[in-house]
Amino acid sequence: MEEQLRKLVDRYRGCEQRPVRFRPKTWRARLEAHDAAHVLDVGVACTTGTSGDRLIDRGDLARLRDAVNDDPGSLRDLFVAVMIWGSGTTNGRGPRYTDAALSDGRLPDVLRSTREAVREGDLSEAYRRFGLKGVGRSFFTKWFAAVDDRDGGERALILDNRVIRSLNALGWTSWQAAGTRRLPLRYAAYVSAMHGWAPSLGVSPERLEWVLFEVNGHIDEACSRTP
């Protein structure tokens, strides 16, 4: 498996993750209902394509993360930015799902408590605590990655369906690695495995996560391509 991972990393050696394009007008009404439309100013304006579109990247999320405090409003704004980044223009359900989460009375406590658990390094506990309408694993692990500001340790990573498809195609499954079917422990096992593989491949765990996302399960096809 490590040799296949190395081939994938080499295949994407010269590639960089691109900013995500989003369309503020498709989000505005949903966010105005929660006094959160100002988050649509995040990122930069697009110079091509549909007028009014903007670009947001991981750097924008990191800057927002560094600016937030324990105020529920600032945590909500970061969460909205994460949902926008995760949805882009391809997930038309993103605004609706974000609206559902913002309408969930549990939102302030869930964002605060999961951020706390992540910053303490207890990723399985963060997974257990997260429960909001409209937000599944693919998006709440993006939240974990966005709020993790630790300098060391096994920092939170995104676990979405594309990453899972790639790992499964490589013959790796979280339930076998964790020795249990319990999803919080399986997520922690995934993060630990990625942090274990990355150093020998010469990349960060975040970079390895992105490569697996890009591959989307097409291991043989990606490995056979010329870098």
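Under 7 Å by Cβ, and 6 or more places apart or on different chains, what pairs join a residue from segment 162-185 that is within 27 Å of ASP220 (Cβ to Cβ) with one that is of a type in the set (Ser, Thr, Tyr)? Every condition considered, the pairs that remain are SER174/TYR190. Among the residues of segment 39-62, those identified as part of a helix (DSSP H, G or I) and surrounded by 12 or more Cβ atoms within 10 Å (Cβ to Cβ) are VAL39, LEU40, ARG58, ASP60, LEU61, ALA62. Can you confirm whether GLY73 is under 19 Å from LEU31 (Cα atoms), out of contact with any strand residue (DSSP E or B) (no Cβ under 7 Å at 6 or more places or on another chain) and assigned to a loop (DSSP other than H, G, I, E, B)? The answer is no for GLY73.
Quick one: is GLU125 free of Cβ contacts under 8 Å to residues at least 12 places away in the same chain and either within 21 Å of LEU157 (Cα to Cα) or touching an Asp or Glu at 6+ places or on another chain (Cβ under 6 Å) (or both)? No: the conditions fail for GLU125.
Got a sec? Which of ALA117, ALA146 is within 11 Å of PRO184 (Cβ to Cβ) and part of a helix (DSSP H, G or I)? It would help to see each step written out before you state the result.
Values: ALA146 fails: within 11 Å of PRO184 (Cβ to Cβ).
None of the other options fit; the residue is ALA117.
Scanning segment 128-153 for residues that are of a type in the set (D, E, K, R), closer than 24 Å to ASP60 by Cβ and in contact (Cβ under 8 Å) with a residue 24 or more places away in the chain turns up ARG137, LYS142, ASP148, ASP149, ARG150.
Scanning segment 1-34 for residues that are part of a loop (DSSP other than H, G, I, E, B), in contact (Cβ under 8 Å) with a residue 40 or more places away in the chain and farther than 30 Å from ALA101 by Cα turns up MET1, TYR12, ARG13, GLY14, CYS15.
Do the conditions hold for ARG150, that is, is it under 17 Å from the mean Cα position of the chain (by Cα) and surrounded by fewer than 16 Cβ atoms within 10 Å (Cβ to Cβ)?
Details: under 17 Å from the mean Cα position of the chain (by Cα): yes; surrounded by fewer than 16 Cβ atoms within 10 Å (Cβ to Cβ): yes.
It is true that ARG150 is under 17 Å from the mean Cα position of the chain (by Cα) and surrounded by fewer than 16 Cβ atoms within 10 Å (Cβ to Cβ).
Of all residue pairs spaced 6 or more apart or on separate chains, those with beta-carbon atoms under 6 Å, a first member in segment 103-119 that is within 16 Å of VAL68 (Cα to Cα) and a second member that is in a loop (DSSP other than H, G, I, E, B) and open to solvent by less than 10 Å² (accessible area, probe 1.4 Å) are VAL118/ASP148; VAL118/ALA156. The residues listed here are ARG106, ARG115, ARG96; of these, the one that is crowded, with 22+ Cβ neighbours inside 10 Å, at pLDDT 95 or above and of a type outside the set (Val, Ile, Thr) is ARG115.
With the requirement that a residue be open to solvent by 80 Å² or more (accessible area, probe 1.4 Å) and over 22 Å from the mean Cα position of the chain (by Cα), what does segment 7-16 give you?
Here is the first cut: in segment 7-16, the residues open to solvent by 80 Å² or more (accessible area, probe 1.4 Å) are 7, 13, 16.
The one that is open to solvent by 80 Å² or more (accessible area, probe 1.4 Å) and over 22 Å from the mean Cα position of the chain (by Cα): LYS7.
Mind listing just one residue for me: the one in segment 175-227 that is of a type in the set (D, E, K, R) and in a loop (DSSP other than H, G, I, E, B) and, of those, surrounded by the most Cβ atoms within 10 Å (Cβ to Cβ)? In this case the residue turns out to be ARG182.
The values are calculated or read from the model by the stated rules, or taken from the named source; none is laboratory data. These numbers were taken from a predicted model, which means no experiment stands behind them. Quick reminder, even Gly has a Cβ in these numbers, built from the backbone with ideal geometry, and neighbours come from all protein chains shown. The area values use the complete protein model at the heavy-atom level, side chains included, leaving out ligands, DNA and RNA. Shrake-Rupley method; radii C 1.70, N 1.55, O 1.52, S 1.80 Å.
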